[in-house]
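Novice: Questions regarding the structure given below will be posed in turn.
The values are calculated or read from the model by the stated rules, or taken from the named source; none is laboratory data. Just so it is clear, the structure is predicted and the values come from calculations on it, not from any experiment. Virtual Cβ from ideal backbone geometry, glycine too; neighbours counted across all protein chains shown.
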Amino acid sequence: MDPDAAIETRELTRVYRQRWRGREIRAVDGVSLKVARGTSFGLLGPNGAGKTTFVKLLLGIVRPTAGSATLFGVDCRRPEARLRVGYLPENHRLPSYWTGAGLLDFAGALSGMDARARRRRIAELLDLVGLQEWANVRLSRYSKGMLQRLGLAQALMHAPSLLLLDEPTDGVDPVGRQQIRAILRELEDQGVTVFLNSHLLSEVELACREVAIMDRGRLVLAGRVKDLTAGKGYLVTAAHVPEALFETLRAKAASAAMRDGLAEFLFPTREEANRAVDVVRAHGGWLESVTPTGSTLEEVFMRTVRPQTPEQL
Ligand SMILES: Nc1ncnc2c1ncn2[C@@H]1O[C@H](COP(=O)(O)OP(=O)(O)O)[C@@H](O)[C@H]1O
Ligand SMILES: [Mg+2]
């Protein structure tokens with residue numbers, strides 16, 4: 001195991017016995033994943049993919065059936081592994097009679113912080129999540145977005161190095177989501193490793209540098225968002241392209257090839273592709289096709305995640 005990795009799992013597996021259905025379910029199935037320190041990592045997958053179970057395994061809430069996991073090189077089954085971790089559970093319910101400051105104070109006390117350190121940290125965090133004016137207001141008056149921001153602050157009380165967030169923007173409106181993303185970016189700048197689960201693709205695409213896609217317990221894809229969506233451009237193919245023209249266009253294209261008498265050029269932008277088409281046609285060439293290439297994360301996602309039948313949900 002790599003002690004420099006914030007998270008590392010090897011063939012991590014969790015099987016649940018669903019007695020009422022008379023079957024076993026491999027909620028997490030042989031997942032090997034490494035998350036470097038200081039990055040923002042998004043685990044993406046449809047409902048039931050196993051994302052929550054994965055986070056619960058990392059936190060020692062659920063025990064692995066097989067395989068292993070470490071946080072900063074410490075086995076997840078050991079309580080010390082959790083010292084440097086902050087956690088915001090999915091669908092959390094904070095008692096509505098608490099005030100924002102009261103909740104943070106309680107969270108800090110649970111982490112063993114003394115009263116002075118708690119006071120200082122509460123002011124700092126309320127400022128980070130933009131809830132200074134709400135410090136002494138009961139949570140029953142908070143909006144969903146505010147509760148999520150307070151949940152983030154609660155997870156950050158003991159200044160963890162790793163933040164695990166399960167569906168942090170679920171049920172939050174677009175403005176609230178934007179605020180949460182800004183906070184996460186700020187944390188990343190401070191060197192905190194952020195690992196979030198989401199079934200919302202755009203969320204992960206906007207908030208994370210790296211992403212893994214999970215489907216039915218298995219990891220189907222992992223990489224940098226930038227690499228997974230790379231290669232966007234327009235592929236122009238044409239026949240009867242004179243050799244001299246081929247060479248001229250080759251110099252301008254991102255890549256070019258001559259196959260079975262067909263010239264192929266990849267241009268990064270639509271403008272360049274259009275200009276090339278004009279030139280080819282002006283020189284007696286025949287346009288065969290212009291095809292957009294590369295993918296959005298959504299296309300990558302739809303290609304890698306198989307459709308689910310209601311039975312499997
Ligand atoms: N405690 C449990 N007992 C039995 N089955 C469970 C339990 N928790 C989750 N599952 C099943 O494991 C699968 C993955 O669930 P979960 O990790 O919550 O997925 P996700 O967070 O991606 O929606 C689902 O099929 C779910 O029904
Ligand atoms: Mg979940």
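Novice: Show the residue pairs meeting these rules: Cβ distance below 6 Å; 6+ apart or different chains; first residue within region 71-88 and under 12 Å from G60 (Cα atoms); second residue surrounded by 15 or more Cβ atoms within 10 Å (Cβ to Cβ) and not hydrophobic (A, V, I, L, M, F, W, C).
Specialist: C76/G60; R77/G60; V85/P160
Novice: In addition: Which of the numbered conditions does E8 fail, given that it passes all the others? Conditions: (1) within 12 Å of ligand 1 (Cβ to nearest atom); (2) crowded, with 22+ Cβ neighbours inside 10 Å; (3) among the charged types (D, E, K, R).
Specialist: (1)
Novice: In addition: Identify the residue in region 58-101 that is more than 21 Å from the chain's Cα centre (by Cα) and within 16 Å of ligand 2 (Cβ to nearest atom) and, among all such residues, is farthest from E133 (Cα to Cα).
Specialist: Looking at residues that are more than 21 Å from the chain's Cα centre (by Cα) and within 16 Å of ligand 2 (Cβ to nearest atom), I get V62.
Novice: So, one more: Can you tell me which of (1) within 23 Å of T169 (Cα to Cα); (2) part of a strand (DSSP E or B); (3) within 14 Å of ligand 1 (Cβ to nearest atom) is the one F41 doesn't meet?
Specialist: Every condition holds for F41 apart from (3).
Novice: Here are the criteria: (1) within 14 Å of ligand 1 (Cβ to nearest atom); (2) over 23 Å from L200 (Cβ atoms); (3) charged (D, E, K, R). Tell me which single one K56 does not satisfy.
Specialist: Answer for K56: the failing condition is (2).
Novice: A further question on this structure: Considering only residues that are hydrophobic (A, V, I, L, M, F, W, C) and surrounded by 15 or more Cβ atoms within 10 Å (Cβ to Cβ), look in region 111-132 and name the one that is farthest from H92 (Cα to Cα).
Specialist: As a first pass, look at region 111-132 and keep what is hydrophobic (A, V, I, L, M, F, W, C): 113, 115, 117, 122-123, 125-126, 128-129, 131.
Filter once more, keeping what is surrounded by 15 or more Cβ atoms within 10 Å (Cβ to Cβ): 113, 117, 122, 125-126, 128-129, 131.
On the way: M113: 23, A117: 26, I122: 20, L125: 19, L126: 19, L128: 21, V129: 18, L131: 19 Å.
Step by step, filter region 111-132, then rank; the result is A117.
Novice: Can you list residue pairs whose Cβ atoms sit under 6 Å apart, with the first residue in region 133-145 being closer than 23 Å to A182 by Cα and surrounded by 14 or more Cβ atoms within 10 Å (Cβ to Cβ) and the second being of a type in the set (A, V, I, L, M) and at pLDDT below 95? Count only pairs 6 or more apart in sequence or on different chains.
Specialist: The qualifying pairs are L139/L94; G145/V172.
Novice: Mind telling me which of the residues A244, A207 ends up being more than 16 Å from ligand 1 (Cβ to nearest atom) and touching a Gly at 6+ places or on another chain (Cβ under 9 Å)?
Specialist: A207
Novice: Return the residue satisfying two criteria in turn: it lies in region 24-45 and is within 18 Å of G217 (Cβ to Cβ) and β-branched (V, I, T), and of such residues it is surrounded by the fewest Cβ atoms within 10 Å (Cβ to Cβ).
Specialist: Among residues in region 24-45 that are within 18 Å of G217 (Cβ to Cβ) and β-branched (V, I, T), the one surrounded by the fewest Cβ atoms within 10 Å (Cβ to Cβ) is I25.
Novice: Quick check on this structure: which one of V236, V225, V241, V280 is under 30 Å from A66 (Cα atoms) and in contact with a helix residue (DSSP H, G or I) (Cβ under 9 Å, 6 or more places away or on another chain)?
Specialist: After applying the criteria, what remains is V225.
Novice: State all residues of region 182-230 that are on the phi < 0 side of the Ramachandran plot, within 16 Å of ligand 2 (Cβ to nearest atom) and in a loop (DSSP other than H, G, I, E, B); if no residue qualifies, say none.
Specialist: Within region 182-230, H199, L200 qualify.
Novice: Separate question: Working carefully through the options G151, G176, G108, find the one that is in contact (Cβ under 8 Å) with a residue 12 or more places away in the chain, assigned to a helix (DSSP H, G or I), within 16 Å of ligand 2 (Cβ to nearest atom) and surrounded by 18 or more Cβ atoms within 10 Å (Cβ to Cβ). Break it down stepwise before answering.
Specialist: Details: G176 fails: within 16 Å of ligand 2 (Cβ to nearest atom); G108 fails: within 16 Å of ligand 2 (Cβ to nearest atom).
Testing whether each residue is in contact (Cβ under 8 Å) with a residue 12 or more places away in the chain, assigned to a helix (DSSP H, G or I), within 16 Å of ligand 2 (Cβ to nearest atom) and surrounded by 18 or more Cβ atoms within 10 Å (Cβ to Cβ) leaves just G151.
Novice: Next question, about the same structure. Name the one entry in G50, G60 that is surrounded by fewer than 22 Cβ atoms within 10 Å (Cβ to Cβ), assigned by TED's automatic domain parsing to the domain that holds L184 and on the phi > 0 side of the Ramachandran plot.
Specialist: That would be G60, the only listed residue that is surrounded by fewer than 22 Cβ atoms within 10 Å (Cβ to Cβ), assigned by TED's automatic domain parsing to the domain that holds L184 and on the phi > 0 side of the Ramachandran plot.
Novice: Of everything in region 268-289 that's modelled with pLDDT of 95 or more and basic (K, R), which residue is farthest from K232 (Cα to Cα)?
Specialist: It comes out as R281.
Novice: Check region 59-70 and report whether any residue there is free of Cβ contacts under 8 Å to residues at least 40 places away in the same chain, small (G, A, S) and not in a helix (DSSP H, G or I).
Specialist: yes
Novice: Let me ask something else about it. Does I213 satisfy the criteria of being surrounded by 17 or more Cβ atoms within 10 Å (Cβ to Cβ), modelled with pLDDT of 90 or more and within 16 Å of ligand 1 (Cβ to nearest atom)?
Specialist: Spelling it out, I213 is indeed surrounded by 17 or more Cβ atoms within 10 Å (Cβ to Cβ), modelled with pLDDT of 90 or more and within 16 Å of ligand 1 (Cβ to nearest atom).
Novice: Another question about this same structure. Can you tell me which residue within region 116-172, out of those that are polar (S, T, N, Q) and more than 24 Å from E80 (Cα to Cα), is farthest from ligand 1 (Cβ to nearest atom)?
Specialist: Step by step, filter region 116-172, then rank; the result is N136.
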